[in-house]
Amino acid sequence: MNKAHLVSELAERMDIPQTASAEAVEHILDIIVRSVVEGEAVTIMGFGTFEARDRAPRTARNPHTGEPVPVPATRTPAFRPGNYFRSVVRDGSIPEEGRISVRRSSSHRGFDL
């Protein structure tokens, strides 16, 4: 699935125009990218975490000559899937209604007074 398919699917499921769906997807992606660039991790409960990871400088080898090549330190984006996402992919079991909920279920219970 690419971004155009995602936009179409969102528009269909929410019964909104494609332009509104495209704008929503663009804004969400923009917020995630800008937050990660600023050093924040973006966590969507049940889905996963987007973050930046620092990679230390290292020495690689040129595959043709075998000569060592220095590789500078860098920062790279990373995604860690959440437990729910990981378990659904592992088990391959999509809920009956065809909609995967990534809403957080709270284990905290209110007190009756």
| message | Going residue by residue through the range 44-54, is there one that turns out to be open to solvent by 50 Å² or more (accessible area, probe 1.4 Å), in contact with a strand residue (DSSP E or B) (Cβ under 9 Å, 6 or more places away or on another chain) and over 30 Å from VAL88 (Cβ atoms)? | response | yes
| Name the pairs: first residue in the range 24-45 and more than 14 Å from PRO77 (Cα to Cα), second residue open to solvent by less than 40 Å² (accessible area, probe 1.4 Å) and of a type outside the set (A, V, I, L, M, F, W, C), Cβ to Cβ under 9 Å, at least 6 apart or on different chains? | ILE44/GLY82; MET45/GLY82
| field | Spans of strands (runs of 3 or more DSSP E) in the range 1-65 with at least 2 residues within 25 Å of ASN83 (Cβ to Cβ) and not β-branched (Val, Ile, Thr) | value | 48-55
| message | Of the conditions (1) part of a strand (DSSP E or B); (2) touching a Gly at 6+ places or on another chain (Cβ under 6 Å), TYR84 satisfies every one except a single condition; which number is it? | response | (1)
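Have a look at ARG99, ARG90 and point out the one that is out of contact with any strand residue (DSSP E or B) (no Cβ under 9 Å at 6 or more places or on another chain), in a loop (DSSP other than H, G, I, E, B), surrounded by fewer than 10 Cβ atoms within 10 Å (Cβ to Cβ) and modelled with pLDDT under 95.
Details: ARG90 fails: in a loop (DSSP other than H, G, I, E, B).
Exactly one of ARG99, ARG90 is out of contact with any strand residue (DSSP E or B) (no Cβ under 9 Å at 6 or more places or on another chain), in a loop (DSSP other than H, G, I, E, B), surrounded by fewer than 10 Cβ atoms within 10 Å (Cβ to Cβ) and modelled with pLDDT under 95, namely ARG99.
Does THR65 satisfy being touching a residue at least 12 places away in the same chain (Cβ under 8 Å) and of a type in the set (Val, Ile, Thr)?
Details: touching a residue at least 12 places away in the same chain (Cβ under 8 Å): no; of a type in the set (Val, Ile, Thr): yes.
Taking the combined requirement at face value, the residue does not satisfy it.
The values are calculated or read from the model by the stated rules, or taken from the named source; none is laboratory data. Model, not experiment: these values are computed from the prediction. Using ideal geometry, Cβ is built from the backbone for each residue, glycine included, and neighbour counts are taken over all protein chains shown. Protein only, heavy atoms only, side chains kept; ligands, DNA and RNA dropped before computing areas. Shrake-Rupley method; radii C 1.70, N 1.55, O 1.52, S 1.80 Å.
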